[in-house]
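Reviewing the structure listed below.
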Amino acid sequence: MSQVRIPPVLRPSAGGQKLLDVPGSTVGEVLDALVAQYPDLGSRLFDDAGDINRFVNVFVNETDVRHLQVRETPVTERDTLLLLPAMAGG
Amino acid sequence: MTIEIAPPNPAVSTGTSPTTGGGTSPTPATVQGLVCRGCGRPEEAGLQYVCPDCFGPLEVAYDLGAVRAAVDPSGLATRPAGVWRYRELLPVEPPARGLAVGGTALVRADRLGAALGVDGLLIKDDTRNPTLSFKDRAVAIATAKALALGLDALACASTGNLAGATAAAAAAAGLPAYVFVPADLEPAKIDHALAYGATVVPIDGTYDDVNRLCLEVADELGWGTVNVNLRPYYAEGSKTLAYEIAEALGWRLPDVIVAPIASGAMITRVARAIDELIELGWVAPHDVRFVGGQAAGCAPVATAYGDGTDTVVPVRTPDTIVRSLAIGNPADGGYALELARRTGGSIEAIDDATTADAIRAAARLEGVYTETAGGVTLGAVAAARRRGVIRPGDEVVALLTGNGLKTPDAVRFALPSSPATPGNPGLAPVLPARFSAFEGWLES
């Protein structure tokens, strides 16, 4: 089980939870399991092609998964996934 | 004499933020609310910044008919210069007090233009704002909204310019400011924010690490983070650059606008402002080409442009002297890319030596001292001219968005360290305080 931190904007679609334990050995498996548990998250986390929504940034611990192996990034029970809006401006 | 200054609000709340479905404030009659840029879902003009349906960014929607009914260019002409001159096209009423932001000069730069190969170069000199960068524009709007919403404190994630802008605006508003920066930021920028009484929080990481942390802070604490949960309003401030340019040209548009790209928010908002002016009928329709500049050491948007792809691949570790543009994961990068392609513009990657050369050229030829982002912008002017995006006879506006005093090391970058010789620019050797010594050096 990896831990997934849910941002406030998504919590209404995740049973109001802030932190969830979700099974899976890759980022993709964890996200799929998360959506299986909370189907309303599906359209928010994935686009029509099944890729991670361009407006969502997914981090494993502190690293953006696009710097790793995106959906194929391996995760363990020691890892935390963080979902955040894609937003930046200096 | 010691002057004791109490902190503006030492008992800062760290309670849960109304980030979604949060409070609202009276908004101008010309503002319809927020709308998702991804799916078009409308939202109230509160502290929301992300669409609950698709996670897309929210932006302000205006009733341009109401704007047209409220004011026209002749009505604007009697108002004071500055961002609030265009208040019907901004998302919040002017605050009772604040910094004097905007109203900067648009100056002809013929000598610099000739050096860059451009016939009609104009400089939008935003080095003159209260904290010496265009960020004052965005922060003025975000701060006004924070005050209207009754927020406890201001915060920001900054590559430097925003740090000073947020700290100064918070000081003027009587709010505490929390400024998160990469720990290795230029000391001048950190000192600048400290001078205004901000709490500066150095983070061991890149700007993108700082930004990730600030997203969490904005979500969990009751602070107004100007470029996160106040971002829909903050971004609107950059539109005033376009309004001022059009007005300075006698309510018409230039052929090309060249701007630096960090997150991509500014150039896209300038373009949006031009669309608004055309729709309002305040300027005649005219196709403006948009050229963006990025530092070669952190150029995800320029790379996508050069590769002909639609995907902006983040840069993990920026490597450039242009710290103010060192955003490896630009949120509006895709929009900036689309803008450049749609308008016949380009996105140029400029190496640090070219940037430093351009800074020196602007200072020596026009008396305008710009920071590194301005050097990138001017490098992009020359690159776009070589590419043919800028054509002979074009009227080109380059946005110089920050003052060179913020990045003093850049002016000596890639220059030989040997002392200046007589008649040449540079730092002469230390001389004895005797006329004969100076005369000897002059004749050397």
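The values are calculated or read from the model by the stated rules, or taken from the named source; none is laboratory data. On a predicted model such as this, the values are computed, not experimentally measured, just so you know. With ideal geometry, Cβ positions are generated from the backbone for all residues, glycine too; neighbour counts draw on all protein chains shown.
Structure summary
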item	result
Test result for A:GLY15, on the phi > 0 side of the Ramachandran plot and either surrounded by fewer than 14 Cβ atoms within 10 Å (Cβ to Cβ) or aliphatic (A, V, I, L, M) (or both)	yes
Residue in region B:158-166 that is more than 17 Å from B:GLU371 (Cα to Cα) and without any contact (Cβ under 8 Å) to a residue 12 or more places away in the chain present	no
Given (1) modelled with pLDDT of 95 or more; (2) under 32 Å from the mean Cα position of the chain (by Cα); (3) of a type in the set (A, V, I, L, M), number of the condition B:ALA410 does not satisfy	(1)
Region B:142-162: number of residues that are within 13 Å of another protein chain (Cβ to nearest Cβ), within 16 Å of B:GLY237 (Cα to Cα) and among the aliphatic types (A, V, I, L, M)	2
Filter result (part of a helix (DSSP H, G or I) and free of Cβ contacts under 8 Å to residues at least 12 places away in the same chain) within region B:87-123	B:ASP110, B:ALA114
Checklist (1) touching a helix residue (DSSP H, G or I) at 6+ places or on another chain (Cβ under 6 Å); (2) at positive phi; (3) of a type outside the set (Lys, Arg) applied to B:GLY281, failing item	(1)
Residue in region B:77-86 that is of a type in the set (A, V, I, L, M), outside any loop (DSSP other than H, G, I, E, B), more than 22 Å from B:ALA173 (Cβ to Cβ) and modelled with pLDDT of 95 or more present	no
All helices (runs of 4 or more DSSP H) inside region B:227-331 with 1 or more residues being within 25 Å of B:GLY113 (Cα to Cα)	B:239-248, B:265-280, B:300-307
Counted residues, region B:422-444 - those being closer than 30 Å to B:THR320 by Cα and without any contact (Cβ under 8 Å) to a residue 24 or more places away in the chain	5
Verdict on A:SER2 being more than 14 Å from chain B (Cβ to nearest Cβ), of a type in the set (Ser, Thr, Tyr) and touching a residue at least 12 places away in the same chain (Cβ under 8 Å)	yes
Residue match in region A:34-51 (condition: out of contact with any helix residue (DSSP H, G or I) (no Cβ under 7 Å at 6 or more places or on another chain), of a type in the set (Ser, Thr, Tyr), free of Cβ contacts under 8 Å to residues at least 60 places away in the same chain and at the interface with chain B (Cβ under 9 Å from one of its Cβ atoms))	yes
Residue, farthest from B:THR143 (Cα to Cα), within region B:205-228, restricted to residues that are of a type outside the set (Asp, Glu) and touching a helix residue (DSSP H, G or I) at 6+ places or on another chain (Cβ under 6 Å)	B:VAL228
Hey, B:GLY174 within 13 Å of another protein chain (Cβ to nearest Cβ) and either crowded, with 24+ Cβ neighbours inside 10 Å or out of contact with any Cys (no Cβ under 8 Å at 6 or more places or on another chain) (or both) or not	no
Failed criterion for B:LEU90 (all others in (1) at pLDDT 90 or above; (2) out of contact with any strand residue (DSSP E or B) (no Cβ under 9 Å at 6 or more places or on another chain); (3) away from chain A (no Cβ under 14 Å) hold)	(2)
Criterion: more than 19 Å from B:ALA146 (Cβ to Cβ), free of Cβ contacts under 8 Å to residues at least 12 places away in the same chain and either acidic (Asp, Glu) or surrounded by fewer than 24 Cβ atoms within 10 Å (Cβ to Cβ) (or both) - qualifying residue of B:ASP184, B:ASP208	B:ASP184
Criterion (surrounded by fewer than 21 Cβ atoms within 10 Å (Cβ to Cβ) and not in a loop (DSSP other than H, G, I, E, B)) met by exactly one of B:GLY334, B:GLY374	B:GLY334
B:PRO42, sole failed condition from (1) away from chain A (no Cβ under 13 Å); (2) loosely packed, with under 15 Cβ neighbours inside 10 Å; (3) modelled with pLDDT under 95	(3)
Pairs where the first residue, in region B:351-369, is closer than 15 Å to B:THR127 by Cβ and the second is of a type in the set (Asp, Glu), C-beta under 8 Å, 6+ apart	B:ILE359/B:GLU371; B:VAL368/B:ASP125
Extreme residue, farthest from B:THR240 (Cα to Cα), among residues of region B:67-83 that are in contact (Cβ under 8 Å) with a residue 24 or more places away in the chain and surrounded by 18 or more Cβ atoms within 10 Å (Cβ to Cβ)	B:VAL67
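Let's see how each residue does on (1) crowded, with 16+ Cβ neighbours inside 10 Å; (2) closer than 26 Å to B:PRO300 by Cα; (3) of a type in the set (Gly, Ala, Ser):
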site	(1), (2), (3)
A:SER25	no, no, yes
A:ALA36	no, no, yes
A:PHE46	yes, yes, no
A:ASP51	no, yes, no
A:GLU62	no, yes, no
A:ARG66	yes, yes, no
A:LEU83	yes, yes, no
